[in-house]
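Colleague: Below is the structure I would like to discuss, written out as structure tokens.
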Amino acid sequence: MLKTLKFSLLSVFALLAIFVACNKSNDITPEEAVDQALFSIQERGGVGRLGCYELVFPVTLSLPDGTTADVDSYDAMKQTLRAFFEANGTHRPHASFVYPVSVISQDGDLITVGSEDELRALRVECGGGRFGNHGPRGHGDRGLSCFEIVFPLTIEFPDGTTAEAANRQALHQLIRTWRQNNPGATERPHVTFPITVKMTDDGTLVTVNSREELHDLKAGCE
């Protein structure tokens, strides 16, 4: 009888320990949840400061409860995630894109991505970036992008035609329209050089004259 009681008490204590451990693992602050969500969403696709690609905003986020939110910058993304975690708890620090999204490669190509699998494939294509040297802690404060493109921006399409994008929304719409009109195309539109970028760290403006210069600039971000 005593052995049975002792065994039962041990089982209860073990279950309590597991319960407490699980709660502790989920006991993170909204800021920590934002860092984890941002790091995960960038790492999965190799986008942002530590990756090979830069997002073309605006994008639509899918939040942990299945709702969506449109954001036009990383600052807006951070604010949206922070508001969600403060209102709903931090036990699911996860977010993803609603596809399609567009990215700019380190060579200046404008790439439309139709699914999570396609985004992961792009990450593999470029070697994954430098996420392995970092973790999610403080990710949102380290700078989520290396630079911002200064508009207006001229795009050249595979047929040789060009179009000017006055802002982020116009660039997003130009890429989207071209992809819809050319669903089987294997070539990609690209930015025409020179372009001007604004460095995230200090706000300086840098003129980028070629694909090679853009590649070197992106590769040097850390």
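A short reminder: the numbers here are calculations on the coordinates, not readings from a lab. Just so you know, these numbers come straight off a predicted model, no measurement behind them. Cβ coordinates were reconstructed from backbone atoms using ideal geometry, including for glycine residues, and neighbour counts include every protein chain displayed.
Colleague: For segment 28-219, what's the relative contact order in percent, using C-alpha pairs closer than 8 Å and at least 6 residues apart? Please report the intermediate quantities before stating the final value.
Modeller: Details: 330 pairs, mean separation 47.9, N = 192.
Dividing the mean separation by the residue count of segment 28-219 yields 25 percent.
Colleague: Quick check for me: using +1 on Lys/Arg Cβ and -1 on Asp/Glu Cβ, what's the dipole size of the chain about its Cα centre, in debye to the nearest 20? It would help to have the intermediate numbers written out before the result.
Modeller: On the way: 20 positive and 29 negative charges, 223 e Å.
For the chain, the charge dipole is close to 1080 debye.
Colleague: With semi-axes √(5λ) of the Cα gyration tensor in Å in mind, check [x] 31, 26, 19; [y] 42, 18, 16; [z] 49, 20, 14 and report the label derived from this structure.
Modeller: The calculated read-out lines up with [y].
Colleague: Could you tell me which residue out of S145, G135, M199 lies farthest along the dipole of the chain toward its positive end? Charges go on the beta carbon: Lys and Arg +1, Asp and Glu -1, centred on the Cα centre.
Modeller: Towards the positive end, the residue furthest out is G135.
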